[in-house]
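The values are calculated or read from the model by the stated rules, or taken from the named source; none is laboratory data. Note that this is a predicted model, so its numbers are computed, not measured. Note that we place each Cβ from the backbone using ideal geometry, even for glycine, and neighbour counts take in every protein chain shown. With ligands, DNA and RNA removed, areas are computed over all heavy atoms of the protein, side chains included. Shrake-Rupley method; radii C 1.70, N 1.55, O 1.52, S 1.80 Å.
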Amino acid sequence: MSIQESEQSNSLRAIAAAKINLHLEVLGLRKDGFHELAMLMQSIDLFDEIDFTKTNNSKITLTSDDQTLSTGDDNLILRAAKLMSRLSEDKQLGAQIHLRKNIPIGAGLAGGSSDAAATMIGLNQLWELNLSSKKMEEMSAELGSDVPFCFKGGTQLCFGRGESLEPIRIEKEASRMAVVLVKDPDVEVSTPWAYGKYKERNSTHYLKREEDFQVKRKLLREAKWLNPLTPLNPPPLVNDLQKVIEPAIPAVKNALEFLVSLEGVISVAMSGSGPSCFAIFPNLNSARKALKNNNERLQLSGLNAWCCSFRNKGVDLLL
């Protein structure tokens with residue numbers, strides 16, 4: 001976490017990065033009802049900005065520049081803030097929180113999860129709770145499976161339901177890789193619906209034994225494309241959910257067809273439960289050039305697009 005000093009100690013800003021899935025395998029069902037997963041997640045340079053101001057009226061309020069976003073108790077920012085509030089000995093502590101939303105909603109990019117992680121880190125600093133990163137990551141799993149990853153971000157293997165993390169060191173050339181990310185602005189995909197759809201079609205093939213899960217984890221850890229990760233030996237971009245979402249959501253098929261036609265693209269996939277899709281490029285310049293050369297086609301496709309570099313962290317704080 002990088003921290004820049006300022007004159008005000010009662011306010012700060014958090015940067016919450018989006019993620020993409022470089023690998024997503026659905027292995028089977030866990031005893032708790034969640035799916036057992038084997039994933040490789042990667043932070044990208046697309047982020048929400050969250051401003052926090054400390055108050056002493058015990059109230060936590062949330063506003064946003066995105067009027068379509070709920071700012072009620074169902075918002076992960078408020079849920080994270082109330083989780084932190086329960087750990088404070090000073091019950092008069094409160095916060096005014098304002099979200100500038102840049103990560104699209106319902107897009108498979110963990111925007112809400114990243115906001116939750118940023119809220120926990122931000123309030124830990126603002127309220128001087130002095131909780132360890134490990135403690136907050138453990139607590140955050142109750143907010144969502146992607147939240148623990150979003151604390152540190154970067155490049156990490158994610159097992160279990162996503163909360164069991166193993167950081168990956170990547171080659172310098174790989175850290176320069178970038179993506180063209182696209183999404184239909186009128187389409188969102190519910191994560192529970194996506195997993196339900198996958199279960200409906202594939203549950204008969206689910207692994208059931210922990211020993212089998214371990215074999216799959218080992219195969220991913222030792223994959224040749226991951227040791228090391230480089231642009232010359234790119235990830236094959238497996239996403240099991242894409243197999244059921246692409247046929248069901250025309251916007252995903254449209255996005256993938258647009259991306260695969262770009263010059264210089266290394267590989268293409270859907271992120272998470274979709275509908276966002278991305279194409280990997282060796283560097284940011286090649287990604288920008290490919291998008292610029294296809295700007296007219298992009299407009300005709302109805303897709304929104306972003307060029308994003310790989311990012312080696314999830315949350316930043318600016319004091």
Inset, instruction - Might you let me know whether the range 115-129 holds any residue that is open to solvent by 50 Å² or more (accessible area, probe 1.4 Å), assigned to a loop (DSSP other than H, G, I, E, B) and farther than 30 Å from residue 38 by Cα? - result: yes
Legend entry - Unique match (being without any contact (Cβ under 8 Å) to a residue 24 or more places away in the chain and open to solvent by 70 Å² or more (accessible area, probe 1.4 Å)) among 208, 199, 218: 218
Inset, instruction - Residue by residue through the range 165-184, note down the ones that are modelled with pLDDT under 95 and open to solvent by 30 Å² or more (accessible area, probe 1.4 Å). - result: 167, 168, 169, 170, 171, 172, 173, 175, 176
Legend entry - Conditions (1) in contact with a strand residue (DSSP E or B) (Cβ under 9 Å, 6 or more places away or on another chain); (2) open to solvent by less than 10 Å² (accessible area, probe 1.4 Å); number of the one not met by residue 194: (1)
Legend entry - The one condition in (1) farther than 25 Å from residue 185 by Cα; (2) touching a residue at least 60 places away in the same chain (Cβ under 8 Å); (3) not hydroxyl-bearing (Ser, Thr, Tyr) that residue 238 fails to fulfil: (1)
Legend entry - Lone qualifier among 271, 261, 286 - being within 19 Å of residue 18 (Cβ to Cβ), touching a residue at least 24 places away in the same chain (Cβ under 8 Å) and not β-branched (Val, Ile, Thr): 271
Legend entry - Selection from the range 206-232 of residues that are in a helix (DSSP H, G or I), modelled with pLDDT of 95 or more and of a type outside the set (S, T, N, Q): 210, 211, 212, 213, 215, 216, 217, 218, 219, 220, 221
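Out of all the residues in the range 86-100, which are open to solvent by 30 Å² or more (accessible area, probe 1.4 Å) and modelled with pLDDT of 95 or more?
Scanning the range 86-100 gives 96, 98, 100.
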Legend entry - Lone unmet requirement of (1) in a loop (DSSP other than H, G, I, E, B); (2) free of Cβ contacts under 8 Å to residues at least 60 places away in the same chain for residue 105: (2)
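Condition first: surrounded by fewer than 19 Cβ atoms within 10 Å (Cβ to Cβ) and farther than 15 Å from residue 100 by Cα. Now tell me which residues in the range 46-62 satisfy that.
54, 55, 56, 57, 58, 59
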